[in-house]
1. Let me spell it out: the conditions are (1) in a helix (DSSP H, G or I); (2) within 16 Å of ligand 1 (Cβ to nearest atom); (3) crowded, with 16+ Cβ neighbours inside 10 Å, and VAL116 meets all of them except one. Which number is the exception?
2. Got a number for residues in segment 40-83 being free of Cβ contacts under 8 Å to residues at least 40 places away in the same chain and among the aliphatic types (A, V, I, L, M)?
3. For segment 65-106, how many residues meet the condition of being among the small types (Gly, Ala, Ser), closer than 18 Å to ALA364 by Cβ, surrounded by 13 or more Cβ atoms within 10 Å (Cβ to Cβ) and touching a Leu at 6+ places or on another chain (Cβ under 9 Å)?
4. Any residue in segment 168-183 that is within 16 Å of ligand 2 (Cβ to nearest atom), surrounded by fewer than 24 Cβ atoms within 10 Å (Cβ to Cβ) and under 20 Å from LEU349 (Cα atoms)?
5. Could you tell me which residue of segment 36-48 is nearest to ligand 1 (Cβ to nearest atom), considering only residues that are at pLDDT 95 or above, under 30 Å from GLY77 (Cα atoms) and touching a Ser or Thr at 6+ places or on another chain (Cβ under 8 Å)?
6. Scan (1) without any contact (Cβ under 8 Å) to a residue 12 or more places away in the chain; (2) within 16 Å of ligand 1 (Cβ to nearest atom) for the single condition GLU387 breaks and write down its number.
7. Tell me yes or no: at least one residue of segment 128-148 is in contact with a helix residue (DSSP H, G or I) (Cβ under 8 Å, 6 or more places away or on another chain) and of a type in the set (Gly, Ala, Ser).
8. Inspect all residues belonging to segment 246-262 and state whether any of them is in a loop (DSSP other than H, G, I, E, B), aliphatic (A, V, I, L, M) and either under 24 Å from the mean Cα position of the chain (by Cα) or within 16 Å of ligand 1 (Cβ to nearest atom) (or both).
Amino acid sequence: MLILNKTAGVFFKPSRRKIYEFLGGFHFHPGKLFLHKLVLGIETSCDDTAAAVVDEAGNVLGEAIHSQTEVHLKTGGIIPPVAQQLHRENIQRIVQEALSASEVSPSELSAIATTVKPGLALSLGVGLSFSLQLVDQFKKPFIPIHHMEAHALTIRLTNKVEFPFLVLLISGGHCLLALARGVSDFLLLGKSLDIAPGDMLDKVARRLCLIKHPECSTMSGGKAIEHLAKQGNRLHFDFQPPMQRAKNCDFSFSGLQHVIDKMIMQKEKEEGIEQGQILSSAADIAAAVQHTVACHVAKRTHRAILFCKQRGLLHQSNAVLVVSGGVASNLYIRKALEIVTNATQSTLLCPPPRLCTDNGVMIAWNGVERLRAGLGILHNTEGIRYEPKCPLGVDISKEVGEAAITVPRLKMKI
Ligand code: KG4
Ligand code: ZN
């Protein structure tokens, strides 16, 4: 049995005696121990097939994941039918592995929670139909999960965080700033008007052919950029953060990506190399790109904190900013955000990197949160559909823009 150490955010294997001590007072079944509520979470919204069993105290009893990153890296991006096929090939094994590791049988589950929105239609469909079969076979309640809500709530599994808190979700498919007021109560303050930062970093990494770089060949684009940036000098390139005049909390990355593309093309000409070869200045470009993304994200987040404090939506002296999603595992971007939280007397919290990227634990935990709050638990799944597009919460981004808050300049010395 694996138990999540909440303070360190790592797994450890407790002794049998410790488990007995820990579980004293909880439900006891002959030969087997478990807490009352056990949720199986299933995630297939994009390119990871993941499952986990989590109990109501947030202990991760078992988890398994199959990542498709390597396949998609080779094809230069996610091809939805390929992702669908890989989910189909792996879902049964992954769910089986998570259940076996947890030593929980399906009949002992309190509910099955599955991502049904937003995401790739073909990918969501695999997780949903597999889950509905399980639900039907074992007569369990079903909890449909919003992928971004799950990212946002993960922090409550690893840290003691009360509502309200501000959440910045930055991944390959999403980019948003929202105020979390309850398990399923969000105010959307801003979002990307075009692509997400992870998508942009993936495209830049592809354009720089980082897959051919011996140190980066198995990394996602964002991770490769972070890795290479450490060896580069960001001051060799000057990319301007987007939307500097727009006093709202929206984001934009495609214009910046275009500027970077043009710069790469120019450098290829200067160095006399063909597209497909690695530039000698690739590390400098990676460092400058990462810095510009960090500054853009930090500025919009700074404004969101000021807006929430101005409107009394966040604690004045004890505001919490949670950052999650795949791009949140970037330590440089985290440091930029730390500069913002220090300047606004707020606290920055991030789930451990393995819980920032897509995983089954966050889905199961979202199921636990909903089960405890009595929200969205279905005993009849007739008519349930996946939704490829689905905003998070109530959109107040227009109001945020109208407030036109000027953000004080911060020195981004990272
Ligand atoms: O949350 P996630 O696993 O999937 C969704 O998009 O929902 O995020 C994947 C994204 C990819 O774009 C990947 O390049 C990016 O997160 N990413 C990173 C890092 N690790 C993953 N971006 C920047 N720095 C990283 N260390
Ligand atoms: Zn995600």
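The values are calculated or read from the model by the stated rules, or taken from the named source; none is laboratory data. Bear in mind that the values here come from a model prediction, so they are computed numbers and not experimental data. FYI the Cβ positions are ideal-geometry reconstructions off the backbone, even for glycines, and counts take in every protein chain you see.
1. Going through the list (1) in a helix (DSSP H, G or I); (2) within 16 Å of ligand 1 (Cβ to nearest atom); (3) crowded, with 16+ Cβ neighbours inside 10 Å, VAL116 breaks only (1).
2. Counting residues in segment 40-83 that are free of Cβ contacts under 8 Å to residues at least 40 places away in the same chain and among the aliphatic types (A, V, I, L, M) gives 4.
3. Final tally of qualifying residues: 3.
4. Yes, segment 168-183 contains a residue that is within 16 Å of ligand 2 (Cβ to nearest atom), surrounded by fewer than 24 Cβ atoms within 10 Å (Cβ to Cβ) and under 20 Å from LEU349 (Cα atoms).
5. SER45
6. All conditions are met except number (1).
7. no
8. Among the residues of segment 246-262, not one is in a loop (DSSP other than H, G, I, E, B), aliphatic (A, V, I, L, M) and either under 24 Å from the mean Cα position of the chain (by Cα) or within 16 Å of ligand 1 (Cβ to nearest atom) (or both), which makes the answer no.
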